[in-house]
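Report on the structure given below.
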Amino acid sequence: MFVNELFIFIFNSTLKSMINRIVFILISFLFCQIVFCQINETKMSTIYFLNGDTLQVVVEEKNEWNITIIKSQKKDKSKYKIINNDQILMITNDKGEKDFVYKYDPSKGNFMEKKEMEQYVKGRIKAKYFYTPKIPFFSSFLFGVTIGLIDTYNFRDPKHDIGFLNHPAGLISLSAPLLSASIFGNNRISFNDRKTKSDEEMLNESFVHGYAIEKKSKISRATFRGSVIGVVSVILVQIFIN
């Protein structure tokens, strides 16, 4: 009799434990489903800026002057950021649908139509993410090294030996970045008369224009850095040798 009662007690305890586990698993599954659905309901949008930058965010609010985005979400805390509309070309949703923020308005300096500006921004995006100014960088680096060697060459000072790296660097080395930028980074952008062009040619030109603007900007920064690194390398070698 005692054995039967003990068996029933153990069976009931085991059954209750199994039921509790099953209930816990079901509740956890339902909770995960709810969280997953909430994540899916939070639609991500992509903002295309006029300078070629892109940003994938959740748009909280949009009005005539600015948009409010959710910058990040941690637990129950959300950080919001306000962006002025005059910085934005358009916003696309997760389905790729376009919502243009940019408006054609020559009185405000917006001389391009929406399609032209879209191509212009696409050109900037392509140059920003895919163009690497390797040749201008290395050219300006060699230029900086050359200027540094010339500047540290001792011609007449009796206090030092005649030759390279035997004279303190002076103003010539300091002017190397500006000289390099003017030589390697001064890429002029010119286009023919737009009145004689078709719509397709104008759109293509807008793309090329945007690409050229961003390319020129990256080249200018690269030549400045390259020449600075070149001059500094010469000075460091001089310090190490002496």
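A few comments on the model shown:
- Theoretical FRET efficiency, 1/(1+(r/R0)^6), r = Cβ-Cβ of ASN63 and PHE111, R0 41 Å, to 0.05: 0.95
- The stretch between ASP199 and LYS79 holds 38.9 nm of extra length on full extension. This uses 0.36 nm per residue minus the Cα-Cα distance.
- q = 0.17, 0.19, 0.26, 0.33 Å⁻¹, the range 76-121: log10 I(q)/I(0) [Debye, one scatterer per Cα]: -0.59, -0.69, -1.02, -1.22
- Sites matching chymotrypsin sites (Phe, Trp or Tyr not before Pro) across the range 109-154 that sit in DSSP coil, with at most 12 neighbouring C-beta atoms within 10 Å: PHE111
- Take LEU174: with every protein chain present and a 1.4 Å probe, its accessible area is about 130 Å².
- The H on the amide N of TYR153, modeled in the peptide plane, is under 5 Å from the matching H of LEU165, each at least 5 residues off or on a different chain.
The values are calculated or read from the model by the stated rules, or taken from the named source; none is laboratory data. Every value quoted in this text rests on a predicted model; they were computed, and no experiment measured them. FYI the Cβ positions are ideal-geometry reconstructions off the backbone, even for glycines, and counts take in every protein chain you see. SASA here: full protein model, heavy atoms, side chains in, ligands and nucleic acids out. Shrake-Rupley method; radii C 1.70, N 1.55, O 1.52, S 1.80 Å.
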